[in-house]
Every structure is written in structure tokens, then in C-alpha cells.
Amino acid sequence: MIGIFDSGSGGLTVLREIREQMPSADILYFGDIKNAPYGSKSNAELGALTVQAIELLQKRGATSIVSACNSVSASLAVSLFDALSLAPDSLIEMVGPTVSSFKDSSARLLLAATPATIGSEIYQNAFRMIGKDVGTLAIPDLASAIEFGSSEEEVERIIREAFACVRAGDFDAVVLACTHYPLVTHLFERVLGPVPLYDPALAVGERVKRQLWPREVGEGAVRFIISRDSQPFRDRVAALLPEGGFSIEVLSA
Ligand code: DGL
């Protein structure tokens, strides 16, 4: 069973791609809504939450882990493999697959993400390793506004204000390096016009198939665990899986 985690709804964009690529995988999804947003937390806090999330998924039977949260990528240190008895080929995160999909590209990229992701420099360092300098834009309140169901007007305002300091001619594409952002692609398009938007979930979905198939073939069952109940989360899951057949468990405090 594949265990996926995020601070809340963002990882649903990754779940969607994984089901697209590997419909027969059994999936256990953990959304840590009680501790959302992750993107404004310190490295130490994110490290502790990452360990808790992976331990929970393992305890409930996950044999492979997908971190569907860019903000914790810097916490996924090699030392975790020993501490959590996790084989290196059983963990997939966002940064590696995303960066490697730009290996042969000359596009000038602007990376939009949470302050934690930009501050960790994990993407900038990884892009540098393939000879690319990328522009960055940290958007402090966006993931939280999306998670907790702010109005479209409010979410659009946050995006518009964040991009006000960016010159359109300075980049060719925007990488949505927070898994919450593709939930509002239409609002990015409204603000940015025809600029191409890149969703890293595509590369992660392909990586999951390449790395975990046929090891994680199952019945296509999907279960959710959330650390705090949330109607916006329930609505998004219902829209993503209109055929039903899933369960949502709310962890007791
Ligand atoms: N969706 C996560 C990410 O990709 C976390 C966003 C947040 O909780 O701030 O970074």
C-alpha cells in the first residue's frame, strides 16, 4: 500500500496523478490539517511532523511513502531511512522528479512555493546541479487560504499581490512548487494570462509508476486519514472520487 502525506488537501493533486498512472495501487492518504499550513513552519517543526506522518502511515500498513508536500522535502534526510526502517527506493518526494523533468529544457523558470520551500533552498540547489538558475517567489498565505476554503476573490487577490513584483518577461514558465497551488490553476491563469504553468504532480506520478509498479499493485482502494475534520477537504475528495468507495477517518486529538 502506498502512503501519501501532506498538510491537507494539496497532496490530492498528487493522488490524482498517481491514480491516473497506477489505478490498481491501494492508497492511504494522510492530511495533517490540524497542523496546516506547513509552509510557515521552521525546519525543526517540519522535521518532527514529517516523522510523525511517515510513522502513522507505516503503522497503518503503508509499505511505500510519497511525500506530496514540497515544504517538508528538506526534512527527508538520508538519516530517515534508518530511523524509520524505510528502504531508499520506498520513498518518493517532489523535488527530484520535478527537477529532472527540466534536464533538457532551456526555459527560464520561476518557482512559486511556500516560504519554507523557498527558504530551504532545496529546489535552487537541485536546479543548480543540472546547471540551471531559477527565480523564486514565496507566497506566504496562499496554501492556507486554499486549504481552509477562502473565497476565489481572496485567493486571486493573494496571487495577484504576490506576482505584482515579478516582471512577466523575466521567465518562460511558472513551476507550481506547492501541491496546493494546482487546486487553483484557473486563478493563476486569470492572473498570469498565457504563461505556461508546470504541475510537479505529473513527474511524481510517473516516478511512482516507474519505481513502485508492480510492487504496489492492489485493488485500487483509497482511504483517508485527517488530523482535523474539514468540510473543504471532504468536498475536494468527493469531487476527486465521484464514484465514492473511499473512507475518511478523523484522528481523535
Ligand atoms: N502542500 C504543501 C507544499 O507542497 C504544504 C503547503 C502548506 O501547508 O503550507 O508545500
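The values are calculated or read from the model by the stated rules, or taken from the named source; none is laboratory data. In this text, all values refer to a predicted model and were calculated from it rather than measured experimentally. A quick note on method: Cβ atoms are made from the backbone with ideal geometry, for glycine too, and the neighbour counts reach across all protein chains shown. Surface areas here come from the heavy atoms of the whole protein model, side chains and all, with no ligands, DNA or RNA. Shrake-Rupley method; radii C 1.70, N 1.55, O 1.52, S 1.80 Å.
So the values come out like this:
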quantity	calculated
Residue with peak Gaussian network fluctuation, the chain [Cα springs, cutoff 10 Å], from 133, 170, 199	170
Residue with peak Gaussian network fluctuation, the chain [Cα springs, cutoff 10 Å], from 61, 31, 39	61
Per-selection Rg to Rh, segment 134-177 - Cα, Kirkwood hydrodynamic radius	0.99
Most fluctuating residue given options 22, 94, 129, as computed from a GNM of the chain linking Cα atoms under 10 Å	129
Pairwise label distance in nanometres, residue 238 with residue 173, each label 7 Å out on the Cα-Cβ vector	3.6
Label-point separation, residue 128 to residue 215 (7 Å along Cα→Cβ), nm	3.1
Helix-only CD estimate at 222 nm, as mean residue ellipticity for the chain, using -39500 (n - 2.57) per DSSP H run (n ≥ 4)	-11000 deg cm²/dmol
Distance (nanometres) between label positions extended 7 Å along Cα→Cβ at residue 189 and residue 55	4.3
Binned Cα-Cα distances of the chain, short to long, each 5 Å bin given as a whole percent	1, 6, 14, 19, 20, 18, 12, 7, 3, 0
Angle between the chain longest axis and helix 231-240 axis [Cα atoms, degrees, rounded to 10]	90
Surface accessible to a 1.4 Å probe, per residue, for the residues of segment 1-83, Å²	34
Heavy-atom accessible surface of the chain: percent carbon and sulfur, 1.4 Å	51
Accessible area per residue in Å² at 1.4 Å probe, computed on segment 115-253	50
